[in-house]
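The next block holds one structure in the form of structure tokens; read it before the comments.
The values are calculated or read from the model by the stated rules, or taken from the named source; none is laboratory data. This is a predicted model, so every value here is computed, not measured. Every residue, glycine as well, gets a Cβ built from its backbone with ideal geometry; the counts of neighbours run over all protein chains shown. To get the accessible areas, we keep the full protein, side chains included, count just its heavy atoms, and leave off ligands, DNA and RNA. Shrake-Rupley method; radii C 1.70, N 1.55, O 1.52, S 1.80 Å.
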Amino acid sequence: MKLIQIKKREDMSRKKELLIRIVAVFLSLIFAGLVIKILGYDPLNVFSSMVNGAIGTEIRFKQTILKAVPLIITSLGILVAFKMKFWNIGGEGQIMMGALGATFVALNLPDLPRLPLLGLMMLAAIAAGGFWAFIPAFFKTRMGVNETIFTLMLNYIAIKFVTYLQYGPWKDPGSQGFPKVAMFSKNGTLPTLFGLHIGWIIALVLVVLVHVFLNHTKKGFEIAVVGESQETARYAGMNIKNIVITAMILSGGLCGLTGMIQAAGIEQTLTSTLSAGYGFTAIITAWLARLNAIGTLVVCLIFAVLLQGAAYIQISMQIPAAAADMIQGIILFFVLGSEFFIQYKVSLAGRLAGLRPTRREAA
Amino acid sequence: MEGFLAAALVASIPLLIATIGEILTEKAGLLNLGVEGLMLLGAVMGFIAGYESGNPWAGLMGAFLAGCCGSLMFAILTISLRANQVVTGLTLTIFGAGFASFVGKDYIGLPVPALIRETFSPLALPVLSDIPLLGPVFFHQDVFIYGSYFLVIIICLYLYRTRFGLNLKAVGESAASADAAGVRISLYRYLHTVGGGGLCGLAGGYMSLVMMSVWVENVVAGRGWIAVALVIFAAWNPFKALGGAFLFGGLSILGFRMQSMGIHVSQYWIDMLPYAATILIIILSSRNNRKENQPPADLSVSYFREDR
């Protein structure tokens, strides 16, 4: 006789669902605190310093927003792919290639007026990022090649390639031997609004666009169907190969755009560390947002606090910023676990519950 | 040439052990993409255990246990709580990377104790090491490498010649049939995921304790992912994994060799080689449609008896 009964449930209210998730996040923070405690730091102090470092002053808050921007756009890219169960973990590489495309334009046409130059840089970035995502999508649809490993390997190749350019052909001759790519011209950098580069406006617009695309267009619907069941999609006469490839180009294009924004808004040049792990963090944020475009906005803001907070405690408390990666992992572990309690009803089947039918049978 | 092949073998060992670990996991029907994270957990905990105790076996034990703990988390989430395996595995990698650089911060640049270095210094096996070419490459190595030869043999025997191996295959191919035949699905899945994860941890421990012998951040550098690809290349067969790992071990040290031989190819291009070769291999493997080279049919499908 089983003591625990597990039943599938479909009737959970959204309020209760949200409650379970909040409890999961809360528990994960307690667990992360325990780990931090074991490692010899005071968790309360660490957490409060992180929050203080992320939103304590106006400058820090702006830094947080600047970290939220690439995270939001990359998450949007990732969620388009994840929605059709195409595991694109090549965000890092696609960001890099996007930055590379934008840099190519910026270095070759530095004297173009600002608007066309930035426009061309964006197009180049979207094209380069999209191309980097197209390669695995092509092999996936034609030959069934595992996209997880493919996209991941392309990350390494993109980063090595950018490093090669930075130390080789694209090295700025005017940098006295220091291996860096030349800075963009003034026209090749993003203008600012309210003291922040306009990437934040782009991010907000994209959230709305991706939301509309996924929920209110034919193509968006098709992506969701392919993700739910390829059989259904085939039965409905959809061209699965086409849908997968289009969606992946879109996914990579969005990640590529992130690369352009980081290059033109933050670094004002190309560096081999520009992607800064956003491609991986975006996997977590996209999943936590339940692959919902509006949801990513909220989740990414919270995660930006975590990232900026970690960057702050690295300086103020000499705790490596990797602490943020660890905490992110723990949060997602708990949320992944909590999904179970949303989908299934767990109840203790006591002796009585188990015995009753037998008695009836006897009678 | 002998020197190159011997070095290639050393470089292939962590790939081999991690690949075997992942083969065990996938044979049970679980796709654990957290190999990279497990290797990092093993690398850091193995290094700390070895550094603090000065004992080589304590170091390896620490690495193994760290891998077990990491994969136990994965197992609880994916087997009992039926979480998405792909996302859980990725999370494990992110967590492992963060944990390793967080915990390893105080050890950066510290060398492993002398006793450990001595224990893992190359040891020529009598008679065998005198065989031309093969001797110096395969039988003038450290004890860990000899141990991994045994591991391959034992795992092969276990998978193909025992009842447990047969049951395991059933669990991975069709959990529902195995369940009907009275095999305890969850038990098999837990044991092989945790054991496989332990091997991944051990692979990481070998990297930090023996190959590097100082703690450097991100020692694993993508090898966990290459191991995941090697599983496909090896068609879930530990013996074939031996060959695949050797090939990749060679590729990963090719750059150093070419430089020392005075051939000037940009370091960055050579660095790309193992990753590009991995892509090539998964493309080539996907063209291989023979029945025995297919993944376990129930790979990454969680089993829930009440769902049948």
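Going through (1) open to solvent by 10 Å² or more (accessible area, probe 1.4 Å); (2) under 21 Å from the mean Cα position of the chain (by Cα); (3) not aliphatic (A, V, I, L, M) one by one, A:G220 falls short only on (1).
Each row is one residue, and each column tells you yes or no for (1) touching a Leu at 6+ places or on another chain (Cβ under 9 Å); (2) among the aromatic types (F, W, Y); (3) under 20 Å from A:I159 (Cβ atoms).
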position	(1), (2), (3)
B:E217	no, no, yes
B:G222	yes, no, yes
B:W225	yes, yes, yes
B:L230	yes, no, no
B:S260	no, no, no
B:N293	no, no, no
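The set of residues in the range B:86-100 that are modelled with pLDDT of 90 or more and either of a type in the set (G, A, S) or open to solvent by less than 10 Å² (accessible area, probe 1.4 Å) (or both) comprises B:T88, B:G89, B:T91, B:L92, B:G96, B:A97, B:G98, B:A100.
Among residues of the range A:318-329 that are facing chain B (nearest Cβ under 7 Å) and touching a residue at least 60 places away in the same chain (Cβ under 8 Å), those with a beta-carbon under 9 Å from a residue that is aromatic (F, W, Y) and in a loop (DSSP other than H, G, I, E, B) at least six positions away or on a different chain give the pairs A:A323/A:Y41. Only residues that are open to solvent by 10 Å² or more (accessible area, probe 1.4 Å) and either modelled with pLDDT of 90 or more or not polar (S, T, N, Q) (or both) were counted in the range B:251-261, giving 7. Taking the range A:41-133 and the helices (runs of 4 or more DSSP H) fully enclosed by it, the elements with 1 or more residues that are at pLDDT 95 or above and open to solvent by less than 10 Å² (accessible area, probe 1.4 Å) are at A:58-83, A:91-108. From the list A:I294, A:I315, the one residue that fits, being surrounded by fewer than 23 Cβ atoms within 10 Å (Cβ to Cβ), without any contact (Cβ under 8 Å) to a residue 12 or more places away in the chain, more than 9 Å from chain B (Cβ to nearest Cβ) and part of a helix (DSSP H, G or I), is A:I315. Residues in the range B:202-242 that are assigned to a helix (DSSP H, G or I) and either within 13 Å of another protein chain (Cβ to nearest Cβ) or open to solvent by less than 10 Å² (accessible area, probe 1.4 Å) (or both): 20 in all. Kindly establish whether A:S338 is under 30 Å from A:I4 (Cβ atoms) and either under 14 Å from the mean Cα position of the chain (by Cα) or assigned to a helix (DSSP H, G or I) (or both). Spelling it out, A:S338 is indeed under 30 Å from A:I4 (Cβ atoms) and either under 14 Å from the mean Cα position of the chain (by Cα) or assigned to a helix (DSSP H, G or I) (or both).
Among (1) surrounded by 15 or more Cβ atoms within 10 Å (Cβ to Cβ); (2) assigned to a helix (DSSP H, G or I); (3) not hydroxyl-bearing (S, T, Y), where does A:V145 come up short? Evaluating A:V145 over (1) surrounded by 15 or more Cβ atoms within 10 Å (Cβ to Cβ); (2) assigned to a helix (DSSP H, G or I); (3) not hydroxyl-bearing (S, T, Y) leaves (2) as the failure. Scan (1) in contact (Cβ under 8 Å) with a residue 12 or more places away in the chain; (2) hydroxyl-bearing (S, T, Y); (3) open to solvent by 60 Å² or more (accessible area, probe 1.4 Å) for the single condition A:S251 breaks and write down its number. Only one criterion is unmet by A:S251, namely (3).
Filtering the range B:1-47 to residues that are within 17 Å of B:F120 (Cβ to Cβ) and of a type in the set (A, V, I, L, M) leaves B:A6, B:A7, B:L9, B:V10, B:A11, B:I13, B:L16, B:I17, B:A43. Taking residues in the range B:167-181 that are closer than 9 Å to B:Y303 by Cβ, and partners anywhere that are open to solvent by 40 Å² or more (accessible area, probe 1.4 Å), the pairs with Cβ atoms closer than 8 Å and at least 6 places apart or on different chains are B:A175/B:V301; B:A175/B:Y303; B:A176/B:Y303; B:A176/B:R308; B:D179/B:Y303; B:D179/B:R305.
Note on the range B:99-119: residues that are of a type in the set (S, T, N, Q) and facing chain A (nearest Cβ under 9 Å) amount to 1.
So how many residues does the range B:257-295 have that are more than 14 Å from chain A (Cβ to nearest Cβ) and either touching a residue at least 40 places away in the same chain (Cβ under 8 Å) or of a type in the set (D, E) (or both)?
Number of matching residues: 2.
Contact annotation: residue pairs with Cβ atoms under 6 Å, 6 or more positions apart or on different chains, pairing a residue in the range B:77-98 that is facing another protein chain (nearest Cβ under 8 Å) and in contact (Cβ under 8 Å) with a residue 24 or more places away in the chain with a partner that is surrounded by fewer than 24 Cβ atoms within 10 Å (Cβ to Cβ) and polar (S, T, N, Q), are B:R82/B:S302.
Counting only residues that are exposed (fewer than 13 other Cβ atoms within 10 Å of the Cβ) and free of Cβ contacts under 8 Å to residues at least 24 places away in the same chain, which one in the range A:187-207 is nearest to A:A264 (Cα to Cα)? That would be A:T192. A:N155 falls short on exactly one of the conditions (1) modelled with pLDDT of 95 or more; (2) open to solvent by less than 40 Å² (accessible area, probe 1.4 Å), and that condition is (1). One residue stands out in the range A:318-328 among those that are open to solvent by 10 Å² or more (accessible area, probe 1.4 Å) and assigned to a helix (DSSP H, G or I): the one that is nearest to A:K85 (Cα to Cα), namely A:D325.
Taking the criterion of being open to solvent by 40 Å² or more (accessible area, probe 1.4 Å) and at the interface with chain B (Cβ under 9 Å from one of its Cβ atoms), the residues of the range A:158-186 that qualify are A:K160, A:F161, A:Y164, A:Y167. Can you name the residue in the range A:1-32 that is open to solvent by less than 50 Å² (accessible area, probe 1.4 Å) and within 14 Å of chain B (Cβ to nearest Cβ) and, of all such residues, is modelled with the lowest pLDDT? Applying the filter and picking the extreme gives A:I6.
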